[in-house]
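The values are calculated or read from the model by the stated rules, or taken from the named source; none is laboratory data. Bear in mind that the values here come from a model prediction, so they are computed numbers and not experimental data. Neighbour counts are summed over all protein chains in view; Cβ atoms, including those assigned to glycine, are modelled from backbone coordinates with ideal geometry.
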Amino acid sequence: MKRFILFFLLLSALLPVRAWETDSLQVSLLTVMPRPNEVYTIYGHTALRIQDPVQKIDAVFNWGTFDFNTPHFLYRFVKGETDYFLSVSDYDRFIYVYSLGNADIVEQLLAVSPEGKTEIMNRLSTNLQPENLIYRYNFLFDNCTTRIRDLIEQGSDGRLVYPEQTEIVTFRDLIHSCTNPYPWMTFGIDLLIGSGADSLISVRQELFLPEKLMNAVDKSPLIIASNQVLTSLPEPVSEQRFWDSPLKIGFLILLIYITLAAAGIVSRIKRSKPFSIFHFPFSILFLIAGLAGCIVAFTTLFSYHPCTSPNWNLLWLHPFHLIAFVGYLFKKSYRFISWYHAVNLVLLSVLLLGGYWIPQQLNPANIPFILCLGLASGCYWVYGARGKGCTTKNGRLI
């Protein structure tokens, strides 16, 4: 990263004051359209191009740069402590790099007054200072797109007029618009973001997405011309497979557990085998749910990401499921564990029956997984640790 900082300082020195006032200076918005290469590319990207053919300046300013080699990068990303930084590159190199990723790039030339150009260049010079290069990334409120949105607002003399809001949307709606082709990603994100993502937002707040900012600029008096400077090659469209759907996989797992529960109940009635031999697959279910619940609880309670708390998914996916897993291992605790499963069954029932009134949009794929947990708790409570006939002559749990 040190070489980046040295390059930024050098570039800052190469931006003379007289360039701020010349009529040949051009300001363009570059929008990289969403593409499926990586998780962070499906939302698209925004950069700012500063071009002055007289002084042979053609630079791209990019606030979306991060370093995978940062110590504990994954942990810091989950916690919301990811630092991004401003990078600057030559325009031709910028285009070349994205051509390797088979991207579409749209350039919009902006009508910026001399005073606006001066304001933009002043702020770019300030951002290039070492103490301002790095910023704390925030996906919804402070990212590569919102930084450029703010910069354009400051240099547009009020000509960046946002279109009238014709559709009421939430942050979750806009995230879904990008992740819908990837159901498992949508499912995972819905587990981690809470009810704050379901609040109604303004048109300006929608502009955290690159395409939204591009469309807003396209409808404003600020635009002079628009041109697609890079066109991707067509890629084969892959068909959705059965395992690509968390909802279908969830119902398949539910069917498996219903079959296990039915077999266990029949064996219990016939007393051919003790029901406890069917506990192992249910214990694995609670182990996985408990570990996943640790991640949900961590993002809800400790993450600085916006809209992660409160999160109603904690009613069904939480670390306390590990108690149930441990209960399967230590049979002597069955009376305590039976009460845990009773409470869990009530919570899951309330969530399923009262989901309509919960102030958070829950993913439909939650339903089969919630039913699996409810089935496991119900079987344990009824046949594993409660009532007459649930113990053998020596008093051991069956």
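General observations
- Residue in region 248-260 that is farther than 25 Å from residue 308 by Cβ, of a type in the set (D, E, K, R), surrounded by 15 or more Cβ atoms within 10 Å (Cβ to Cβ) and not assigned by TED's automatic domain parsing to the domain that holds residue 94 present: yes
- Condition check for residue 195 on (1) within 28 Å of residue 159 (Cα to Cα); (2) more than 12 Å from the chain's Cα centre (by Cα): one failure, at (1).
- Residue within region 168-184 that is surrounded by fewer than 19 Cβ atoms within 10 Å (Cβ to Cβ), free of Cβ contacts under 8 Å to residues at least 24 places away in the same chain and on the phi > 0 side of the Ramachandran plot present: no
- For residue 12, the conditions (1) over 14 Å from residue 124 (Cβ atoms); (2) modelled with pLDDT under 80; (3) of a type outside the set (Phe, Trp, Tyr); (4) in a helix (DSSP H, G or I) are fulfilled apart from (1).
- Across region 213-228, the number of residues qualifying as surrounded by 15 or more Cβ atoms within 10 Å (Cβ to Cβ) and in contact (Cβ under 8 Å) with a residue 60 or more places away in the chain comes to 8.
Residues checked against (1) in a helix (DSSP H, G or I); (2) modelled with pLDDT of 90 or more; (3) closer than 30 Å to residue 290 by Cβ:
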| site | (1), (2), (3) |
| --- | --- |
| 243 | yes, no, yes |
| 247 | yes, yes, yes |
| 262 | yes, no, yes |
| 269 | yes, no, no |
| 272 | no, no, no |
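- In the set (1) within 14 Å of the chain's Cα centre (by Cα); (2) in the same structural domain as residue 93 (by TED's automatic domain parsing); (3) modelled with pLDDT under 95; (4) not aliphatic (A, V, I, L, M), residue 182 fails one condition alone, (2).
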